[in-house]
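Heads up, the thing below is written out as structure tokens.
Just so it is clear, none of the values below were taken in a lab; they were calculated from the coordinates. The model shown is predicted, which means the values in this text are computed figures rather than measured ones. FYI the Cβ positions are ideal-geometry reconstructions off the backbone, even for glycines, and counts take in every protein chain you see.
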Amino acid sequence: MSKKLEGKVAVITGGSAGIGLATAKQFAEEGAYVFITGRRQAELDAAAKEIGSKAVAVRADAADIAHDPQLKSRDYFVTVDHAGLGRKLALPGAFAKMSETPVGPQGAAPQLGEHNHEIYGGLLGLSNQEIVALRAAGAI
């Protein structure tokens, strides 16, 4: 297997089961160090053991940041239109605020599944046939 992610670090929310776990395993096999998050420590520990020495389990709930007072006070979250859902979504904004170089979302929110081929095909190396099978099974 290629090591195209050698020396990279990935944080994978929901990394103790399902697609998150599969992604973490694939990334680790390709050389990345993976930090997996989830709500249940026992499941995280089992997943980290399954992934191997390149995994670190961190108990966290990704929803917690939506209520972080520091992020709220600095207007970290921005609201963007999501055409596919017909509503607005709150997304993470700029990691830093700069007067001369704006950072953050520059357009509409990504559509559901918009980057599936790029991730599953390009990054994870699945064939078109495998991606079609995942779609047919309702996995993506």
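Out of all DSSP beta bridges in the chain, what portion is antiparallel? Express it as a percent rounded to 5. Let's see the in-between values first.
Working: 6 of 16 bridges.
Rounded to the nearest five, the antiparallel share is 40 percent.
Tell me, how many Å apart are the Cα centres for region 1-31 and for region 32-89?
15
Label-point separation (nm) for GLU29 and VAL11, each offset 7 Å from Cα along Cα-to-Cβ?
Here the modelled spin labels are 2.6 nm apart.
In whole Hz and in residue order, list the ³J(HN,Hα) couplings for region 123-140 that follow from phi through the Karplus curve 6.51 cos²θ - 1.76 cosθ + 1.60, θ = phi - 60°; x for Gly and Pro.
7, 8, x, 6, 6, 4, 4, 5, 5, 4, 5, 5, 4, 4, 7, x, 6, 9
Which value, in debye to the nearest 20, gives the size of the charge dipole of the chain about its Cα centre, when Lys and Arg are +1 and Asp and Glu are -1 at the Cβ? If you can, show how the numbers build up before the last one.
Working: 15 positive and 15 negative charges, 32 e Å.
For the chain, the charge dipole is close to 160 debye.
Report Rg/Rh for the chain, rounded to two decimals, where Rg is the Cα radius of gyration and Rh the Kirkwood radius. Provide the component values of the computation, followed by the final result.
Numbers: Rg = 17.3 Å, Rh = 17.2 Å.
Ratio value, two decimals: 1.00.
Contour minus end-to-end for LYS88 and ALA136, with contour as 0.36 nm per residue of separation and end-to-end as the Cα-Cα distance? Kindly include the intermediate steps, with their values, before the conclusion.
Values: separation 48, 0.36 × 48 = 17.28 nm, distance 2.88 nm.
Contour length minus the Cα-Cα distance gives 14.4 nm.
Hey, what did the chain get for relative contact order, percent, Cα under 8 Å, at least 6 apart? Mind dumping the intermediate values first?
Details: 191 pairs, mean separation 19.9, N = 140.
Relative contact order for the chain comes out at 14 percent.
Using the Karplus equation 6.51 cos²θ - 1.76 cosθ + 1.60 (θ = phi - 60°), what ³J(HN,Hα) coupling, rounded to whole Hz, does each residue of region 2-8 give in order, writing x for Gly and Pro?
5, 10, 5, 10, 3, x, 8
Can you give the net charge of the other residues whose Cβ lies under 13 Å from the Cβ of SER16, counting K and R as +1 and D and E as -1? Walk me through the intermediate numbers first.
Numbers: positive: LYS25, ARG39, ARG40, LYS49, ARG59; negative: GLU43, ASP45, GLU50, ASP61.
Counting the neighbours of SER16, the net charge comes to +1.
From the residues ALA24, VAL132, ILE119, which one has its Cα farthest along the dipole of region 1-133 in the positive direction, the dipole being from +1 and -1 charges on Cβ of Lys/Arg and Asp/Glu about the Cα centre?
Of ALA24, VAL132, ILE119, it is ALA24.
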